[in-house]
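Notes to accompany the following structure.
The values are calculated or read from the model by the stated rules, or taken from the named source; none is laboratory data. Note that this is a predicted model, so its numbers are computed, not measured. No Cβ is skipped: glycine too gets one built from the backbone with ideal geometry, and neighbour counts run over all protein chains shown. When the accessible area is computed, the model is the full protein with side chains, heavy atoms only, and any ligands, DNA or RNA have been set aside. Shrake-Rupley method; radii C 1.70, N 1.55, O 1.52, S 1.80 Å.
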Amino acid sequence: GFPVVNPADKTCGTDGSCNGNADAFVAKLLPDGSDLTYSTFLGGSKVDMVNGIAVDTDGNAYIVGTTFSSNFKKTVKVVSQATAIFGKAHGNADVFVAEIGTSGSNLIYSVDLRGSGNDVATGIALTPSGNVVVVGVTKSVNFPTYQPITNRLAGTSDAFIIKLVPAGTNFVYSTYLGGGSNDSAAGVALDSSGNVYIAGSTASTNF
């Protein structure tokens, strides 16, 4: 019975029914909190969750999360770059990024980013020009990289940092960041010059 208003994912019924054990949702409230502008599910047949959200000056919402669903709704692919893998999900957990229009009924794009291991997104930030920066943790030896700081998994798990073009169709860059043990990114912020700041944790003596 979760409320659905002007949904972006129309595969879920307006009665709130959907397919997965747990689905991501995005909702927009009126300024006084008295009603919903929109409320929508995003998901597939398994577990899907939102781990971060950012909103641009036009009111478009950018969502980053983790999906366990091989049939999570995707509208675009990151094409002809790096070692990106697409189609059926390869890991138990995969990263997704989606943009929803101001009315909620328009899924502008949805893309998955993953390798053969577990990949979890933990943070998102926006540049003024609409680039999306996503951080998280990956256990994939083949996580997609492009113009990386390092192009290989150095430990059991590494942090990752991805920057996408505004349409979500190409990388500006994608990189691992880590040492010989467990590393993860937990948050991301940008300054007015576009520099990216990542905070997280490391168990690597050679980070």
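Treating r as the C-beta distance of LEU30 and ASN6 and R0 as 22 Å, the FRET efficiency rounds to 0.95. When the solvent-accessible area of the chain is split by element, carbon and sulfur atoms take up 52 percent of it, the probe being 1.4 Å. Residue ranking by accessible heavy-atom surface, 1.4 Å probe, largest first, among LYS74, LYS46 comes out as LYS46, LYS74.
With the charge dipole of the chain set up from +1 on Lys and Arg Cβ and -1 on Asp and Glu Cβ about the Cα centre, the Cα lying farthest toward the positive end among the listed residues VAL120, THR156, PHE96 is that of THR156. For Cα Rg over 2.2 N^0.38 Å, the value calculated from this model appears in (1) 1.11; (2) 1.00; (3) 1.04 under label (2).
Accessible surface computed residue by residue for the chain, with neighbouring protein chains in place and a 1.4 Å probe, gives 45 Å² per residue. Comparing SER105, SER69, SER34 in a Gaussian network model of the chain where C-alpha atoms under 10 Å apart are linked, the largest mean-square fluctuation is found at SER34. For the chain, a Gaussian network of Cα nodes joined below 10 Å ranks PRO166, PRO148, PRO31 by mean-square fluctuation, and the top entry is PRO31.
One decimal place: the segment VAL141-VAL172 gains 9.1 nm when fully extended, by the rule 0.36 nm per residue minus the C-alpha distance. Look at the dipole of the chain built from charges on Cβ: of GLY33, GLY200, VAL55, the Cα furthest out on the positive end belongs to GLY200.
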